[in-house]
Amino acid sequence: MLLGESTVLTCAHVVQAAGEEALSGRHVLVRFVGLPGMPESLAAVRPGCWAPPSEDGRGDIALLELDEAFPAVPGAPLVRLGAVRDRLVHTYGFPHPHRHGVWVNNAELAGPAGAAGEWIQLNSKLPGERVRRGFSGAGVIDKATGAVLGMVVTEYTDDQAGLAYLIPVEVIVRHVPEVARWVGDPPRPPAGWLVVLIKAGDSAVAGDFLVEMRRERPRATGRLAALVDATGKTADEVAEHVSAGISTEEVTTVLATNPEDVVVAVTGVEASRAPEEVLTGAVKPLMDKGATVLVQFSRPDSPGAHLARRWENERNARRLDRLALLVEMVEHEEERTRERAARLGSRTSVPGHAADLSLRLAVLGSAREPIDPGRVRRALAVTERDAETARHELVRLYADLDARAARRDELLGRLRAYNAMATAAGLMEDEELAGLYRPAMAALTDRPDEPEAAAELVERYGCAVRRRVGKA
C-alpha cells in the first residue's frame with residue numbers, strides 16, 4: 001500500500017522473499033497497480049521500520065522508502081478498526097495464475113485471531129475467489145466507507161475453508177509506530193442518516209410515540225428512514241412500505257458500517273391484520289440485521305409489547321457477551337502496557353479503566369429480563385463506547401512506550417560502542433571522555449523513558465571519542 005508520496009507498507013515476509021539483499025539494498029521493485037503509465041520504482045526498508053515475523057506470526061510488517069516520490073498518487077486511507085465482526089470488505093491480490101491481479105469481494109471480518117489476538121479472521125465467500133497466497137501485504141478495504149482497515153498477512157491453506165487473516169491498522173502501528181502519521185479518523189456516517197437508539201416503544205398513543213421520537217432526535221445526525229402505519233396491513237405490505245422508504249442499496253451500505261444508522265418506525269401494529277406476523281415477518285428481520293426499529297403498541301402489557309421486550313432482552317444479552325470480550329481486551333491492554341512501562345522503568349501513569357468497566361459489566365449482567373430493556377441498551381452503548389476509548393488510549397500509549405524503549409536501546413548501544421572504541425585506543429582513564437560519558441549514561445539509566453534528553457549527551461561523547469582517536 002502506498003501511504004504517502006514515497007512510503008509503501010507491506011508484509012516483512014514479502015520483502016524477505018526477495019532475498020537477504022533486499023533488507024539492505026534497493027532491490028525491491030514497486031509497480032503501481034491500475035495506474036497505466038506510472039513508472040516502476042526501487043525501494044528499500046525504511047530505517048527503524050522493520051518488524052519481521054516472530055515464531056508465532058506476530059509482527060511481519062515492513063515500511064519501504066521509494067527511490068522516487070509520487071505526490072500526485074493518493075495514499076491508502078488507513079483507519080483503526082472499531083467493531084471487527086460482520087464487516088464486509090474487499091481486497092486485491094496476485095494469486096497464481098492471475099498475473100494481472102484479481103479482486104475478492106464481500107469477504108467478511110469474523111473477529112480477533114492469531115497470537116495475542118493480533119490478527120483478524122477474514123472469511124471469503126465460497127464458491128468464488130478467496131484470499132490466499134499472493135494477497136500478502138494487500139490493503140483490506142471496508143466496502144461501505146472505502147477506508148483501509150488492515151493488511152492481509154496469511155491464509156489458512158484449506159481450499160474449502162476460505163479463511164485468511166489480516167493485521168489491523170492499530171496492530172501495525174503498535175509494531176511500526178511510524179505508520180501512525182498516516183492513520184486518519186474513522187469515516188463519519190453518510191450525511192442524511194439518523195443515528196437513533198434501537199428501541200421497541202410501548203407508548204399508549206401515536207401522539208406520545210411521536211413525542212418520544214422527537215426526544216431521541218437531538219442525538220441524531222440525519223433523517224428517519226421510514227415511518228410506516230401498519231393499521232389494516234399484512235406483514236408483506238408493511239415490509240413493502242418500509243422498502244419504499246429506504247432503498248435496498250442504502251440499507252446494505254449503512255448496515256455494513258453502522259447498523260444503528262438505519263431507523264424504521266412502525267405504528268399501529270396491533271391494528272394490523274396479523275400483529276404477530278408483522279412483528280416476526282417485517283420488524284424482526286430488520287432488528288436482526290442491526291437496524292433501529294421503534295414500534296408503537298396500544299398498551300404496555302399487550303402480547304406484541306411483551307414479544308418486542310423479549311427480543312430486545314435477547315439482543316441485549318448478545319450485546320453483553322460482546323461487551324465482556326471488549327472488557328477482556330481492555331484488561332489485556334492495560335496489563336501489557338503496565339508491564340511495558342515497568343520494563344522501561346517509565347514513570348508514565350497507565351490509565352486504570354478495566355476495574356470500572358468490569359464493575360459496570362457485572363451490574364449490567366445482573367439485570368436479567370429487565371422491565372426497561374431500553375435503559376439497559378443505552379447503558380450498554382455508553383459502556384461499549386467507553387471501553388473502546390480506553391482500549392484505543394492504551395494501544396496508543398503502548399506504541400509510545402515501545403518507541404521510547406527502542407530509542408533508548410539505540411542510544412545506549414551507540415554510547416557503549418563509543419566507549420569500546422575509546423577503551424581500545426587506550427583512553428579508558430581519560431578524564432575529559434569520562435566527564436562526558438558519565439552524564440550520558442546517567443541520563444539513559446536515570447530517565448529511561450526520556451531518551452531524547454540523553455541524545456545530545458551521547459552525540460557529544462561520540463564526537464569527542466572520534467576526535468581523540470583520530471577518526472573525526
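Things worth noting here:
- Flag for Asp185 being of a type in the set (Asp, Glu) and either in contact with a Phe, Trp or Tyr (Cβ under 7 Å, 6 or more places away or on another chain) or modelled with pLDDT of 60 or more (or both): yes
- In the set Arg80, Arg130, only one residue is without any contact (Cβ under 8 Å) to a residue 60 or more places away in the chain and either surrounded by 14 or more Cβ atoms within 10 Å (Cβ to Cβ) or among the basic types (Lys, Arg) (or both); that residue is Arg130.
- Failed condition for Lys284, given (1) assigned by TED's automatic domain parsing to the domain that holds Leu380; (2) surrounded by 15 or more Cβ atoms within 10 Å (Cβ to Cβ); (3) among the basic types (Lys, Arg): (1)
- Within segment 304-319, the set of residues being aliphatic (A, V, I, L, M) and within 21 Å of Ala271 (Cα to Cα) comprises Ala305, Leu307, Ala308.
- Selected residue (only one of Ala390, Ala362, Ala379 is touching a residue at least 12 places away in the same chain (Cβ under 8 Å), more than 30 Å from Val179 (Cα to Cα) and of a type outside the set (Asp, Glu)): Ala379
- Residues in segment 425-443 that are among the small types (Gly, Ala, Ser), without any contact (Cβ under 8 Å) to a residue 24 or more places away in the chain and assigned to a helix (DSSP H, G or I): Ala434, Gly435, Ala442, Ala443.
Conditions (1) modelled with pLDDT of 80 or more; (2) in the same structural domain as Val15 (by TED's automatic domain parsing); (3) touching a Gly at 6+ places or on another chain (Cβ under 6 Å), marked per residue:
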{"position": "Glu108", "(1), (2), (3)": "yes, no, no"}
{"position": "Glu118", "(1), (2), (3)": "yes, no, no"}
{"position": "Arg130", "(1), (2), (3)": "no, no, yes"}
{"position": "Val140", "(1), (2), (3)": "yes, no, yes"}
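- One residue from Thr383, Thr389 being in a helix (DSSP H, G or I), at pLDDT 80 or above, within 13 Å of Arg319 (Cα to Cα) and among the β-branched types (Val, Ile, Thr): Thr383
Yes or no, residue by residue, for (1) of a type in the set (Asp, Glu); (2) within 24 Å of Ser349 (Cα to Cα); (3) assigned by TED's automatic domain parsing to the domain that holds Arg315:
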{"residue": "Ala379", "(1), (2), (3)": "no, no, yes"}
{"residue": "Thr383", "(1), (2), (3)": "no, yes, yes"}
{"residue": "Asp386", "(1), (2), (3)": "yes, yes, yes"}
{"residue": "Arg408", "(1), (2), (3)": "no, yes, no"}
{"residue": "Arg414", "(1), (2), (3)": "no, no, no"}
{"residue": "Tyr418", "(1), (2), (3)": "no, no, no"}
{"residue": "Thr423", "(1), (2), (3)": "no, no, no"}
{"residue": "Met428", "(1), (2), (3)": "no, no, no"}
{"residue": "Glu431", "(1), (2), (3)": "yes, no, no"}
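Let's see how each residue does on (1) small (Gly, Ala, Ser); (2) surrounded by 15 or more Cβ atoms within 10 Å (Cβ to Cβ):
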| residue | (1), (2) |
| --- | --- |
| Gly37 | yes, no |
| Glu40 | no, no |
| Glu68 | no, no |
| Ala76 | yes, yes |
| Phe94 | no, yes |
| Trp103 | no, no |
| Gly114 | yes, yes |
| Gly137 | yes, yes |
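The values are calculated or read from the model by the stated rules, or taken from the named source; none is laboratory data. None of the values given here were measured: they were computed from a predicted structure. Heads up, the Cβs are rebuilt from the backbone with ideal geometry, glycines too, and the neighbour counts pull from every protein chain shown.
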